[in-house]
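Worksheet: the structure to be examined is printed underneath.
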Amino acid sequence: MTIRKILKQKLTEFPMVWNAYQVVKTQIKRLWLLKYFLCDISNVHRNMYWPSSNQSNLQLTSELLFQFHKIEKGLVMPGPKRFFGQEPARAVINLLNTWHMKGLSVNDPVYLGALETLHSYMERLQSELLDKDDRVLSHIRSFLNNHTARTELLATPYLLASMNGDIASNVHQFDGLVSIRRSVRSFTSVAVPLELIKHAVGLAQQSPSACNRQPCRVYLVTEERKKNALLALQNGNKGFGHLIPTLAVITSDSGAFFDASERHEPYIDGGLFSMTLMYALSAQGLATCCLNWCVSPDKDVGLRNILPLTDSELVIMLMAIGNPEPNVLVPRSPRKLTENVLIEVF
Ligand SMILES: Cc1cc2nc3c(=O)[nH]c(=O)nc-3n(C[C@H](O)[C@H](O)[C@H](O)COP(=O)(O)O)c2cc1C
């Protein structure tokens, strides 16, 4: 018996001392967990800010999306048409100039979307005579005179009804899709075609994100050694990890957000993205299982030694993807009563 065990046994003979020992131990354990918060604070400090100069491409793209989204939103607001958007419009022009200076692609949908938004904004100001004092109109006009690319497909805003199709049958299909998706923990060894995953990721990109900043990425791992090394860092795949043919690592880039007030957004956007991805995979007959990334900082570093994540990328979850074993069994995992979830407030 070790000295520790002997001491512990002795302590149990004195209930008051034993209880005090337990309380102190629990409190020390709790204090030790502060390291998770310290890691979060450190990440916010390192990555969640937008410098006014020397912006990374991610920060530039994020700020551009953020600013032109304000204008896009203003263009669809119900009610009387009012003057709006002067500051965002100026910011968009500055950011587009930086885009050019950096030599970034002028075929990028973010760039083209910003130009289209400026066009629509200018047309609104002109047609509704909203900027009689010329607070911003001539500035936009002269900028757009030099940037003529028009892209019908990215024209904004657009009529939602033109995209809706047959809503009734879509809704019906969605009910079915939700009920067939379950976490699967047994896969065949058949490889998952990359095309199916690409298609699903494209659909996941349609998920909403805060100010349309789209911070998520998906790393696909099929190579046996890398996959096993990643799974060894994760605690929820025991008994089935060895059967997972494709492992996805879903990340969300905290660098897309401007300060600590947005510290939860990478996770919220990441969760929404992951859910759409799962449905998109299920809709193609593939099976998935989320794998939590509730790991200690050293395991997170371990993952970063295997995959080329940037410092600002946060891991949202790992996801097992594969073809389900025929006649696979899944837990029932009953859901709570809806009346305990939906609260009507009168
Ligand atoms: C963020 C997240 C992390 C999860 N982590 C694990 C995990 O590590 N291992 C596992 O077997 N299942 C994991 N799951 C799956 C849940 O256990 C499962 O979604 C839940 O029990 C409901 O069952 P269903 O997905 O079949 O509807 C996770 C789910 C989520 C959303």
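The values are calculated or read from the model by the stated rules, or taken from the named source; none is laboratory data. Keep in mind it's a predicted model, so treat the numbers as computed, not measured. Cβ sites come from the backbone with ideal geometry, for glycine too, and all protein chains shown count toward neighbours. Just the protein is used for accessible areas: all its heavy atoms, side chains included, with ligands, DNA and RNA removed. Shrake-Rupley method; radii C 1.70, N 1.55, O 1.52, S 1.80 Å.
The figures follow:
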| quantity | calculated |
| --- | --- |
| Set S252, S189, S261, S207: member being more than 12 Å from the ligand (Cβ to nearest atom), outside any helix (DSSP H, G or I) and open to solvent by 20 Å² or more (accessible area, probe 1.4 Å) | S189 |
| Failed item in (1) at pLDDT 95 or above; (2) exposed (fewer than 10 other Cβ atoms within 10 Å of the Cβ), with S52 passing the rest | (1) |
| In the stretch 290-314, residue nearest to E195 (Cα to Cα) [restricted to those that are buried (at least 21 other Cβ atoms within 10 Å of the Cβ) and more than 16 Å from the ligand (Cβ to nearest atom)] | E313 |
| Number of the exception - A114 against (1) assigned to a helix (DSSP H, G or I); (2) farther than 18 Å from L58 by Cβ | (2) |
| Enumerated helices (runs of 4 or more DSSP H) restricted to the stretch 14-77, each holding at least 1 residues that are in the same structural domain as Y121 (by TED's automatic domain parsing) and hydroxyl-bearing (S, T, Y) | 57-76 |
| Residue that is within 14 Å of the ligand (Cβ to nearest atom) and in a helix (DSSP H, G or I), where the choices are M275, M317 | M275 |
| Residue list for the stretch 269-289, restricted to those being open to solvent by 20 Å² or more (accessible area, probe 1.4 Å) and out of contact with any helix residue (DSSP H, G or I) (no Cβ under 7 Å at 6 or more places or on another chain) | G271, L272, M275, G285 |
